[in-house]
1. Taking square-rooted eigenvalues a ≥ b ≥ c of the alpha carbon gyration tensor, is region 97-138 rounded, prolate or oblate, where a/c under 1.5 means rounded and, failing that, a/b exceeding b/c means prolate?
2. Counting only helical runs of four or more DSSP H residues, what would the 222 nm mean residue ellipticity of the chain come to if each run contributes -39,500 (n - 2.57) and the total is spread over all its residues?
3. Packing-wise, with mean Cβ within 10 Å as the measure, how do 48-61, 106-119 rank, highest first?
4. Using the Kirkwood radius built from alpha carbon pairs, what does the Stokes-Einstein equation give as D for region 75-125 at 20 °C and 1.002 mPa s, in µm² per second?
5. What are the principal axis extents of the Cα atoms in the chain, in Å, biggest first?
6. Of all the accessible heavy-atom surface of the chain, with the other protein chains kept in place and a 1.4 Å probe, what percent is carbon and sulfur?
Amino acid sequence: MLLIGSLVFSVSCARGPSEVRLGKTTETELLSLKGDPAQKFANGSSETMIYQGDEPVSFQLGNGEPGHRVVQGAYRTPSREERNLNYWQRLWAVDPKLYQRLPGTHAEQLLEITNAKTSVSIVYDLNRETVVRVMEFVRVEK
């Protein structure tokens, strides 16, 4: 069975952080590659590191000893082309997908669409008719 996380990830298939390898890059290596994050916060038993810049990206670290925790996922803002849901529908035309409504405010109705084959998710804002987040995560087989 495939367990799917629904927070904090990035996509390497488009313009994501190619030097950071999900499931392999350690916290120490991430700090060496990207420097100190603009923000860090605990997220349950894991930690999220947020990097600002031209293409802001956030990384989620798994459980473990500080410095040895591994990057389990990342998320970023979509590129101009990726904001259009049709881009993802064409890209994922034959792949199995999972759909989940996410909690949002009255002004936003969010739908997470996960490509189970590639471990990539997008968050689509139904009211604005635009993709607002692209996420990639490590697959956990059970």
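The values are calculated or read from the model by the stated rules, or taken from the named source; none is laboratory data. As the structure is a computational prediction, the values presented were derived from the model and not from experiment. Cβ coordinates were reconstructed from backbone atoms using ideal geometry, including for glycine residues, and neighbour counts include every protein chain displayed. When the accessible area is computed, the model is the full protein with side chains, heavy atoms only, and any ligands, DNA or RNA have been set aside. Shrake-Rupley method; radii C 1.70, N 1.55, O 1.52, S 1.80 Å.
1. Verdict is prolate for region 97-138.
2. Computed mean residue ellipticity for the chain: -2500 deg cm²/dmol.
3. For the peptides 48-61, 106-119, the packing ranking is 48-61, 106-119.
4. 184 µm²/s
5. 39, 36, 28
6. Looking at the chain in its full context, I get 49 percent from C and S.
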